[in-house]
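Chemist: This is the structure I have questions about; it appears just below.
The values are calculated or read from the model by the stated rules, or taken from the named source; none is laboratory data. Keep in mind the model is a prediction, meaning the values are calculated, not measured. Cβ coordinates were reconstructed from backbone atoms using ideal geometry, including for glycine residues, and neighbour counts include every protein chain displayed.
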Amino acid sequence: MTHSFAVGDLRIDRIVEQNLPFVDPFTFLPTLTPELLEENRHWLEPLHLDPQTGLFIFPMQSYVIRTGRHTILVDSCVGNHKERPTRPNWHQKTDDNYMAALAAAGLSVEDIDYVMCTHLHPDHVGWNTQLLDGRWVPTFPNAKYVFSDKELAYWAERNAEAPIPHLVDSVLPVVEAGKVVEVTSDHAFEDGIRLMPTPGHTPDHFAVHLTSNGSEALMIGDMMHSPLQCRHPDLVAFPDVDKEQAKATRVAVMDAYCETDTLICTGHFRVPSTGHFVRWGDTFDFRFHEA
């Protein structure tokens, strides 16, 4: 699945690998109560919350930015042939969804100049590599892979203590291939594209800010996972490494961009995943930009 839109003179494509029921709400948001879920069920179902399974529906997707100079892929999803036994939707996957979506957007793996990973979790680095003759090799042969230096150092240190599968198969092979560009999380990439620190979910998570011809967009990665967290910013996600920092980041970014024309491009909000932060009483909400 793919969908295209413009931010000024930039062309953006959403490359959707999966859009499936994914995780139990109470597992993913440990401070969520049954009462709060019931209060919000009427608008969460059926697009955010699957009525049959009771699971949150999270798309797994990349954004591709075409600037006229470069083609930049932001977050590389899940990947194929990856050993992910705790995630049935990801484990040893062999489908052609991702490559078909790239092709539908008129792209091949050779067209990508840069791969930016907002952070180094398995569903944001998976297609960094592919299995070829029993080895993990870079999927995008002409691309440089842009990682936060602090983020990479954090995960490399933990991987040295005990191997982390997604580091071994999806991150370290591109490091060893000499394909990685390490940057700070406030790096100015090129005219109109800069990184913005959004720590908390991981130590040096970043968002990608776009400006072109009077239009702006912000690709927020995993700064938040569900619009329920707009209305209830206290809801922390279990993978957040610093839950207080993650909450502070969410609130600060929502406050800064609330009721503005800046298009917010989310990682895991339901399809179409883009829209605007708006006020909702004393907190916030998300108004989807329907395709």
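Chemist: List pairs: first residue in the range 254-265 and more than 17 Å from Val208 (Cβ to Cβ), second residue at pLDDT 95 or above and basic (Lys, Arg) anywhere in the structure, Cβ distance under 8 angstrom, at least six positions apart or on different chains.
Modeler: Cys258/Arg279; Glu259/Arg279
Chemist: Follow-up. Is it true that Tyr98 is of a type outside the set (Asp, Glu) and either free of Cβ contacts under 8 Å to residues at least 24 places away in the same chain or out of contact with any Phe, Trp or Tyr (no Cβ under 7 Å at 6 or more places or on another chain) (or both)?
Modeler: No; evaluated as a whole, the condition is false for this residue.
Matching residues to (1) modelled with pLDDT of 95 or more; (2) of a type in the set (Phe, Trp, Tyr); (3) in contact with a Gly (Cβ under 7 Å, 6 or more places away or on another chain):
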| residue | (1), (2), (3) |
| --- | --- |
| Thr27 | yes, no, no |
| Glu45 | yes, no, no |
| Leu55 | yes, no, no |
| Ser62 | yes, no, no |
| His70 | yes, no, no |
| Val78 | yes, no, yes |
| Trp90 | yes, yes, no |
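Chemist: For the range 100-117, state whether one or more residues are over 27 Å from Glu190 (Cα atoms), surrounded by fewer than 21 Cβ atoms within 10 Å (Cβ to Cβ) and out of contact with any Lys or Arg (no Cβ under 7 Å at 6 or more places or on another chain).
Modeler: Yes, the conditions are met somewhere in the range 100-117.
Chemist: Got a number for residues in the range 186-233 being of a type in the set (Phe, Trp, Tyr) and farther than 20 Å from Gln245 by Cβ?
Modeler: Residues in the range 186-233 being of a type in the set (Phe, Trp, Tyr) and farther than 20 Å from Gln245 by Cβ: 1 in total.
Chemist: Suppose we filter the range 131-145 for residues that are in contact with a helix residue (DSSP H, G or I) (Cβ under 6 Å, 6 or more places away or on another chain) and in a strand (DSSP E or B); how many remain?
Modeler: The total comes to 3.
Chemist: Filter the range 245-279 down to the residues that are of a type in the set (Lys, Arg) and over 25 Å from Asn19 (Cβ atoms), then identify the one that is surrounded by the fewest Cβ atoms within 10 Å (Cβ to Cβ).
Modeler: If we take residues in the range 245-279 being of a type in the set (Lys, Arg) and over 25 Å from Asn19 (Cβ atoms), then Arg279 is surrounded by the fewest Cβ atoms within 10 Å (Cβ to Cβ).
Chemist: In the range 6-24, how many residues are buried (at least 20 other Cβ atoms within 10 Å of the Cβ), touching a Gly at 6+ places or on another chain (Cβ under 9 Å) and under 25 Å from Val78 (Cβ atoms)?
Modeler: Qualifying residue count, the range 6-24: 2.
Chemist: Could you tell me how many of the residues in the range 198-216 are surrounded by 21 or more Cβ atoms within 10 Å (Cβ to Cβ) and either over 19 Å from Lys150 (Cβ atoms) or without any contact (Cβ under 8 Å) to a residue 24 or more places away in the chain (or both)?
Modeler: The qualifying residues number 1.
Chemist: Of the numbered conditions (1) farther than 19 Å from Gln18 by Cβ; (2) surrounded by 20 or more Cβ atoms within 10 Å (Cβ to Cβ); (3) touching a residue at least 60 places away in the same chain (Cβ under 8 Å), Asp75 satisfies every one except a single condition; which is it?
Modeler: Single failed check for Asp75: (1).
Chemist: Please verify whether the range 33-45 includes one or more residues that are of a type in the set (Phe, Trp, Tyr) and either surrounded by fewer than 17 Cβ atoms within 10 Å (Cβ to Cβ) or within 23 Å of Glu216 (Cβ to Cβ) (or both).
Modeler: Checked against the condition, which is being of a type in the set (Phe, Trp, Tyr) and either surrounded by fewer than 17 Cβ atoms within 10 Å (Cβ to Cβ) or within 23 Å of Glu216 (Cβ to Cβ) (or both), the range 33-45 yields at least one hit.
Chemist: Does Asp242 qualify as being surrounded by fewer than 18 Cβ atoms within 10 Å (Cβ to Cβ), modelled with pLDDT of 95 or more and closer than 24 Å to Phe288 by Cα?
Modeler: It is false that Asp242 is surrounded by fewer than 18 Cβ atoms within 10 Å (Cβ to Cβ), modelled with pLDDT of 95 or more and closer than 24 Å to Phe288 by Cα.
Chemist: Only strands (runs of 3 or more DSSP E) wholly contained in the range 169-258 count here; list those with 2 or more residues that are over 17 Å from Val125 (Cβ atoms) and out of contact with any helix residue (DSSP H, G or I) (no Cβ under 8 Å at 6 or more places or on another chain).
Modeler: Passing ranges, in order: 188-190, 193-197, 206-212, 215-219.
Chemist: Something else now. So which of Val168, Val181 ends up being surrounded by fewer than 21 Cβ atoms within 10 Å (Cβ to Cβ), of a type outside the set (Phe, Trp, Tyr) and within 30 Å of Met254 (Cα to Cα)?
Modeler: Testing whether each residue is surrounded by fewer than 21 Cβ atoms within 10 Å (Cβ to Cβ), of a type outside the set (Phe, Trp, Tyr) and within 30 Å of Met254 (Cα to Cα) leaves just Val181.
Chemist: Mind checking which residues of the range 33-70 are in contact with a His (Cβ under 8 Å, 6 or more places away or on another chain) and within 19 Å of His232 (Cα to Cα)?
Modeler: Hits for the range 33-70 are Leu36, Phe56, Ile57, Phe58.
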